[in-house]
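Everything on this sheet refers to the single structure shown next.
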Amino acid sequence: MIKISFPDGAQREYAPGTTALDIAKSISEGLARKVLAASVNGQVWDLTRPIYGDAQVKLLTWDQKDAKSTFWHSTAHLMAEAIESLFPGVKFWVGPPVENGFYYDIDLGDKHISEDDLRKLEVKMAELAKQNNAYVRKEVPKAEAISYFKEKGDEYKLDLLQNLEDGNITFYTQGAFTDLCRGPHIPHTGFIKAIKLTNIAGAYWKGDEKNKMLTRVYGVSFPSQKELDEYLQMLEEAKKRDHRKLGKELGIYTMDDDVGQGLILWMPNGTVIIEELEKLAKETEEEAGYHRVVTPHIAKESMYLTSGHLPYYADSMYPPMELEGEKYYLRAMNCPHHHKIFAAEPKSYRDLPYRIAEYGTVYRYEQSGELFGLMRVRCLHMNDAHIYCTREQFEQEFRAVNEMYLKYFKIFGVGKYVMRLSLHSPDKLGKKYVNEPELWKETEAMVRQVLIDSNIPYVEVMDEAAFYGPKIDVQIYSVIGREFTLATNQVDFSQGRSFKLQYATADNQSETPLIIHRAPLGTHERFIGFLLEHYAGKLPVWLAPQQVKILPISDKFMDYALDVQKKLRSARVRVSIDDRNEKIGKKIRDTELLKVPYMLVVGEKEMNEGKIAVRRQGKGDLGAIPVDEFVQVISREITERSSGD
RNA sequence: GCCGUUGUAGCUCAGUGGUAGAGCACUUCCUUGGUAAGGAAGAGGUCGUGAGUUCAAUUCUCAUCAACGGCUCCA
């Protein structure tokens, strides 16, 4: 007998060769109907795969991530079967599960899949699923696998096989479809009750843009129609908080073909948000000992040759304009300008750390297909600053920057983010990264140490560093799940030397400072895009473009409304009056939809008592209070930058 | 940049080989109404842009621009 241990610590004995499905059945029939896969000694296995030794077994049902992945992976095979039956002769690359569903990359040859075909494929898949075809695992010697795919003329699977070791190769077959696959899979297709093929996209083979483009079909599937409906419902909800939709509805920003792709026109409402953010940044930076500077948006080519940016980024800068025999570039980064300010006056160690900040406007010629609302644009305003410091000061300065992030995140209630320690790839030294292997090692260790000392959870990622040094990026996710770097904190051991930046040490030697590039609030564009989604458009009062709307019951009360408005305006509250000839219900509805935080209803009662009836957006009627009291309440809320809950 | 989809009124969208329609928004009038849509009338579009096919193109074809979904990229 073999001993099976369960996550709760229980142990049971089974005959060797028993399967996880047998184990589930021995516990309860209900469980056996629900279980999709099993974790056996930490590895996800097919339920039907025999277990021959003692093992830790965890039965995985839909709620578990690994079970979902297995389920979607199996659905990808089912989709491939359907595609093969509707489009015979196509070739398959890989079909993995992803965050929300699965995809399969396909070489369609001269065939073509349309949106209509997706509906046909869904029908076919449902039909195949109903056959309850088992996913059958088969171990295959490498030579046999090779000859199988050679005979099929499938160069893609042959390519996959190249990197697989003999004895470690398995095929899975369900119905008429056989695929090279390491598994695992759900027991049979009958579990797949609801399928939605979501979109068709191109994807480079092996993710390399030099390679052929394959057709990728995305889909998602569920064990019941109800779950699919809920998922679709959730997508609808997510769309409502998409910053592109909210940006339009709330009059935040616009774009125009005559201006150009990726160039944001900030409307009055958006500009209010920008100015509030800048106010916050300026206060915070002043308190932290930064100086403000202002620098031009262009510079000569020679500066970007000095900085070393040009060889790396020429393609993603706007092409230069030539004037009097000189090439000028629109800047894509602020750092060189700032370095020139550092260099303008001789520095001593007493001047360090030298911190200079600017909401710097930069222009990046991002690939057209990359542009995305406010999140990825071609003209951006960076919450930029550069800190020039000694090696001894570095840790404290770097840590102070991290603390600044966290301070900001607290104000905005940002909880869902990942701190990413971005490191270089040693094999790309001299290409993507400056060729200073020792300095890379040293600074990466320094940055890691700061994270550890500050007790900040983080993930390490290779090949994500800047060309001049390692960095910490704060990754956030848009409502539709796309990942973006919101904030960044970077070490630079390279540009100080390129620009011959120096300071005099205490013993009068010349030393090159370390530089920290940092942008805790990222760019206005991305940060505001993020905030709109984060708050679903319901900005806290201090950020709201329109903080108060006064709603007179009828125009008899306009004079009183004007009095109230005057009081609020003198307290610097952004307020206006809905003076339309509409009923109060209509005024409330429209103001609610514009997500104005406070509505003040004024009518006969309020006028006689010197009060206003306060209504909070999304919360309804809060009752009447004296005007002066309201002014105090809202002023405090604004000054404290309260999130309002 | 690549693959695919889309482009009609300020917004959301319907529609057609014979030069266009709805709802909301807007303007005017009636109504002066107490916590999420009061009523009526009116105005508004050379159907993204350019070319081609056709007696005739918003509709078909091609090109181009832009948006969207991915891929690649992201100082």
Helix A:65-86 axis, angle to chain A major axis (alpha carbon atoms, nearest 10°): 70 degrees
Using a Cα-Cα cut-off of under 19 Å, which aspartates and glutamates could be cross-linked to A:Lys282, ignoring same-chain neighbours fewer than 8 residues away? A:Glu358, A:Asp384, A:Glu397, A:Glu403, A:Glu525, A:Glu640
With x for Gly and Pro, the residue-by-residue ³J(HN,Hα) of region A:537-543, computed from phi through the Karplus equation 6.51 cos²θ - 1.76 cosθ + 1.60 at θ = phi - 60° and given in whole Hz, is x, 8, 5, x, 3, 5, 9
Cβ neighbours within 10 Å, averaged per peptide: list A:206-218, A:590-602 in order, most packed at the top. A:590-602, A:206-218
What is the angle, in °, between the Cα long axis of helix A:627-639 and the longest principal axis of the Cα atoms in chain A? Nearest 10 is fine, range 0 to 90. 60 degrees
Considering Cα pairs under 8 angstrom that are at least six residues apart, work out the relative contact order of region A:546-645 and quote it in whole percent. 27 percent
Note the angle between two axes, namely the Cα long axis of helix A:584-593 and the longest principal axis of the Cα atoms of chain A, as a number of degrees from 0 to 90, rounded to the nearest 10. 60 degrees
Candidate residues A:Phe191, A:Phe171: accessible-area rank, largest first, probe 1.4 Å: A:Phe191, A:Phe171
For A:Thr18, list long-range residues whose amide hydrogen, built 1.01 Å from N in the peptide plane, is under 5 Å from its own amide hydrogen. A:Ile51
Starting from the amide H of A:Thr361, placed 1.01 Å from N in the peptide plane, find each other amide H under 5 Å away whose residue is 5 or more places distant or on another chain. A:Met382
Listed by chain and number, the aspartates and glutamates with an alpha carbon less than 12 angstrom from that of A:Lys34, same-chain partners under 8 positions apart left out, are A:Asp63
So, with a 1.4 angstrom probe, what is the percent of accessible area on chain A that is carbon and sulfur? 49 percent
Within chain A: Cβ-based charge dipole about Cα centre, in debye rounded to nearest 20 (Lys, Arg +1; Asp, Glu -1): 1100 debye
Using θ = phi - 60° and Karplus 6.51 cos²θ - 1.76 cosθ + 1.60, couplings along region A:323-333 (whole Hz; Gly, Pro as x): 9, 6, x, 10, 9, 10, 10, 5, 6, 10, 7
Protection proxy (average C-beta count within 10 Å per residue), highest first, orders A:10-17, A:183-190, A:198-205 as A:183-190, A:198-205, A:10-17
Given the whole protein assembly as supplied and a 1.4 Å probe, what does the accessible area of A:Met321 come to in Å², nearest 10? 80 Å²
Note on chain A, DSSP bridge orientation, antiparallel percent to nearest 5 equals 85 percent
Residues other than A:Asp154 with Cβ under 10 Å of its Cβ, Lys/Arg counted +1 and Asp/Glu -1, net out at 0
Through the Karplus equation 6.51 cos²θ - 1.76 cosθ + 1.60, θ set to phi - 60°, convert the phi angles of region A:494-510 into ³J(HN,Hα) values in whole Hz; use x for Gly and Pro. 9, 5, x, 6, 4, 8, 6, 6, 9, 9, 8, 7, 4, 9, 6, 9, 8
Taking a probe of 1.4 Å and leaving out DNA, RNA and ligands, chain A shows per residue an accessible area in Å² of 49 Å²
In whole percent, what relative contact order does chain A give with Cα contacts below 8 Å and a gap of six or more residues? 9 percent
Order of A:442-454, A:370-382 by packing, highest average Cβ count within 10 Å first? A:370-382, A:442-454
Go through A:Pro296, A:Gln261, A:Thr271 and say which Cα lies farthest out towards the positive end of the charge dipole of region A:238-308; charges sit on Cβ, +1 for Lys and Arg, -1 for Asp and Glu. A:Gln261
Could you tell me the relative contact order of region A:80-143? Use alpha-carbon pairs under 8 Å, at least six residues apart, and round to a whole percent. 28 percent
Under 18 Å from the Cα of A:Lys212, which lysines turn up, not counting those fewer than eight places away in the same chain? A:Lys91, A:Lys111, A:Lys157
Check A:Ile577: other-chain or 5+ apart residues with amide H under 5 Å from its amide H, H built from backbone geometry? A:Ile550
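The values are calculated or read from the model by the stated rules, or taken from the named source; none is laboratory data. Computed from a predicted structure; not experimentally measured. Don't worry about glycine lacking a Cβ; one is built from the backbone with ideal geometry, like all the others, and counts go over all protein chains shown. The accessibility values were calculated without ligands, DNA or RNA, using every heavy atom of the protein model including side chains. Shrake-Rupley method; radii C 1.70, N 1.55, O 1.52, S 1.80 Å.
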